[in-house]
1. Would you please name the residue that is nearest to the chain's Cα centre (by Cα), looking only at residues in segment 172-220 that are of a type in the set (F, W, Y) and within 28 Å of D292 (Cα to Cα)?
2. Can you tell me how many residues within segment 60-80 are under 21 Å from K228 (Cα atoms), open to solvent by 60 Å² or more (accessible area, probe 1.4 Å) and not in a helix (DSSP H, G or I)?
3. Select from segment 311-323 the residues that are within 25 Å of the chain's Cα centre (by Cα) and either open to solvent by 10 Å² or more (accessible area, probe 1.4 Å) or aromatic (F, W, Y) (or both) and write down the one among them that is farthest from S165 (Cα to Cα).
4. Check segment 302-310 and report whether any residue there is of a type in the set (G, A, S), more than 30 Å from R236 (Cα to Cα) and open to solvent by less than 10 Å² (accessible area, probe 1.4 Å).
5. Within segment 49-92, track down each residue that is more than 20 Å from H208 (Cβ to Cβ) and in contact with a strand residue (DSSP E or B) (Cβ under 7 Å, 6 or more places away or on another chain).
6. Could you list, in sequence order, the residues of segment 217-241 that are of a type outside the set (S, T, Y) and open to solvent by 10 Å² or more (accessible area, probe 1.4 Å)?
7. Out of everything in segment 337-358 that is in contact with a helix residue (DSSP H, G or I) (Cβ under 7 Å, 6 or more places away or on another chain) and in a helix (DSSP H, G or I), what residue ends up being surrounded by the fewest Cβ atoms within 10 Å (Cβ to Cβ)?
8. Check whether at least one residue in segment 38-58 is over 24 Å from N164 (Cβ atoms), open to solvent by 20 Å² or more (accessible area, probe 1.4 Å) and under 20 Å from the mean Cα position of the chain (by Cα), and report yes or no.
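The values are calculated or read from the model by the stated rules, or taken from the named source; none is laboratory data. All values reported here derive from a predicted model rather than from experimental measurement. When we count neighbours, we look across all protein chains shown, and the Cβ atoms used for this are built from the backbone with ideal geometry, even at glycine. When the accessible area is computed, the model is the full protein with side chains, heavy atoms only, and any ligands, DNA or RNA have been set aside. Shrake-Rupley method; radii C 1.70, N 1.55, O 1.52, S 1.80 Å.
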Amino acid sequence: MTGFSDRVEAVSISGIREVFEAAGEDAINLGIGQPDFPTPSHAREAAREAIEAGEADAYTENKGTRALREAISAKHDRDNDIAVPPENVIATAGGSEALHLAMEAHVDPGQEVVFPDPGFVSYDALTRIAGGEPNPVALREDLTLDPATVEDAITDDTAAFVVNSPANPTGAVQSEEDMREFARIADEHDVLCISDEVYEHIVFDGEHYSPMQFAETDNVVVVNACSKAYSMTGWRLGWVAASERRTERMLRVHQYVQACASAPAQYAAEAALSGPQGCVDEMVDAFERRRDVLLDGLADAGLETPTPSGAFYAMPKVPEGWVDEVLDRDVIVVPGEAFGERGAGYARISYANDTEQIKAALEAMDAAASAVR
């Protein structure tokens, strides 16, 4: 009788989904990781025009349309001061596939992948699906990833380490000094750095830096997407940027599991990246105002919260039983252990929701804190 692969048996359904299923239908959702703004009108219009003109009916090139890859190349030059030729870009089905390609192309069975704990749920799962061994490492008190901790974790069996800034679930933003160190580690140890930069534009304090800016070798692969910056989670359009040899290996995986990213989404993404960027600034300003409302409310509830400098998440330290009490009051938050063992004692709160909903949720959080003390 045919059973199941060990790789699949090692992966479970995300703990985030379990929280959603436990909540009531009318619950305030502060658990979901997507912007609550519409996709920019010029991106939607570009997709509509491509569909009506019959330009989105067929497969595109495996890597994506030339125009989209040129827009991504121009974006890296404009925003990151990085020269990434269009030939070294693959358009993917969201950042999720981009991460999958990076793992599958570089991780052999039994090799280790170092990543932050707490960290994005896909890092552990995709490592296992690639046959690798997860090696989660602890964060600093401010929830940033310490390059020294990463370097200490690297062994002869390490294939890659993951850097995520701004980070999900913590909202932490790594400093320029940290990113220079991550680049040095990748160079000196000849190990791949997978840089997850999906939230790069959502920064309130400091600036976003990429380790690819500082690396002297090609040991950095950048994963990015239109999902967060342009509120395009449903369009499923991301990309990987890397050297020619790494792109070629990732393309071998992509062409068989995906063939090409959705054609209409590619036209929308091209317009989003090349068009007016004021919509991004407006969204980031709104997130920052919401963050401040949330932080003030959490402080009033007596919950210690490292100040998130980016993304749209906060991760307060919470007493035992607090998450359940909040769920009982019809507010969805995610327990920190859903993001790794070291997330225990924390909760992730998304403020991708309107201010009035956040204020109502804060009342429930305050009552929950009182109930468990």
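1. Looking at residues that are of a type in the set (F, W, Y) and within 28 Å of D292 (Cα to Cα), I get Y199.
2. 0
3. Among them, the one singled out is V323.
4. No: zero hits.
5. Hits for segment 49-92 are K63, G64, L68, R69, N88, I90, A91, T92.
6. Within segment 217-241, D218, K228, G234, W235, R236 qualify.
7. Checked segment 337-358; the qualifying residue surrounded by the fewest Cβ atoms within 10 Å (Cβ to Cβ) is T355.
8. Checked segment 38-58: at least one residue is over 24 Å from N164 (Cβ atoms), open to solvent by 20 Å² or more (accessible area, probe 1.4 Å) and under 20 Å from the mean Cα position of the chain (by Cα).
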